[in-house]
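Novice: Before I ask anything, let me first share the structure, which is written out below as structure tokens.
The values are calculated or read from the model by the stated rules, or taken from the named source; none is laboratory data. For clarity, every value in this text was computed on a predicted model and none was experimentally measured. All Cβ positions, glycine included, derive from the backbone under ideal geometry; neighbour counts span all protein chains shown. Side chains included, ligands, DNA and RNA excluded: accessible areas come from the protein's heavy atoms. Shrake-Rupley method; radii C 1.70, N 1.55, O 1.52, S 1.80 Å.
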Amino acid sequence: MSSSSSPAPTPSAGQSAPAANAKQKANQIGHSFITTYYHTLSENTNTCFKFYKNNSQLSHEPDVTYNNSNDIKEYYFSGCKFAGALINLEHGNFDIQPSFGGGVLICITGHMTLKENTDCKKSFVHTFFLGCENVNVAGGATKQRDYVLNE
């Protein structure tokens, strides 16, 4: 799944220029996140915890929620059944929406083949809310950093 650069969207009827710019920015963030996250999940699952912060929440099963970065790190190191999965998004779809406070809501559908059962392809739906924060960088400037707030 690749993101091509295209000109800034022209606001449609009822859509302001700031709303169109927010949608374009959310699409850029969302496409980059989708590509990076699923590559990391497939190739280097133990580092997936780096997408989260201490206020993040992750739910993958009914009645099981991980509520902080330490629990999420432990999940990816010991209990993640998606480690090494082959992810196919080519026949899936995604929706990316700008949200409150500069956040981004992402809903993804696709197909997954788990490492331990390569004969079984499963459809999936995956939803993320990316929060954002400003972090200090060299020279006293700030940069927006996006992270998984809810999964």
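Novice: Say R0 is 22 Å: what FRET efficiency, to the nearest 0.05, do Asn88 and Thr47 get from their beta-carbon distance?
Specialist: Efficiency at R0 = 22 Å is approximately 0.55.
Novice: Evaluate E = 1/(1 + (r/R0)^6) for Ala141 and Gln57, where r is the Cβ-Cβ distance and R0 equals 41 Å; express this FRET efficiency to the nearest 0.05.
Specialist: So, using R0 = 41 Å, E works out to roughly 0.85.
Novice: Next up: Take the Cα of Phe100, step 7 Å along the line toward its Cβ, and report every residue of the stretch 44-82 whose backbone nitrogen sits under 17 Å from that point.
Specialist: Within reach of a label on Phe100, which here means backbone N under 17 Å from a point 7 Å along Cα→Cβ, the stretch 44-82 contributes 55-57.
Novice: Could you compute the net charge surrounding Phe33? Neighbours are other residues with a C-beta less than 14 Å from the C-beta of Phe33; K and R count +1, D and E count -1.
Specialist: So the surrounding residues net to 0.
Novice: Enumerate the calculated ³J(HN,Hα) couplings along the stretch 19-31 in order (Karplus 6.51 cos²θ - 1.76 cosθ + 1.60, θ = phi - 60°), each rounded to whole Hz, writing x wherever the residue is Gly or Pro.
Specialist: In residue order, the calculated couplings are 5, 5, 5, 5, 5, 5, 5, 4, 4, 4, 5, x, 4 Hz.
Novice: A further question follows. With all protein chains present and a 1.4 Å probe, how do Leu58, Leu149 order by accessible area, largest first?
Specialist: So the residues, ranked largest to smallest area, are Leu149, Leu58.
Novice: Can you tell me the accessible area per residue over the chain, all protein chains present, probe 1.4 angstrom, in square angstrom?
Specialist: 61 Å²
Novice: Can you send over the carbon and sulfur percentage of the accessible area for the stretch 73-114, probe radius 1.4 Å, protein chains only?
Specialist: The value for the stretch 73-114 is 55 percent carbon and sulfur by accessible area.
Novice: Oh, and also: What is the total of Lys pairs in the chain with C-alpha atoms under 23 Å apart, excluding same-chain pairs fewer than 8 positions apart?
Specialist: Step by step, the pairs that qualify in the chain add up to 16.
Novice: Hey, in the GNM for the chain with a 10 angstrom Cα cutoff, which one of Ala26, Ala141, Ala85 fluctuates hardest?
Specialist: Maximum fluctuation in the GNM of the chain, among the listed residues, is at Ala141.
Novice: In whole percent, what relative contact order does the chain give with Cα contacts below 8 Å and a gap of six or more residues?
Specialist: That works out to 19 percent.
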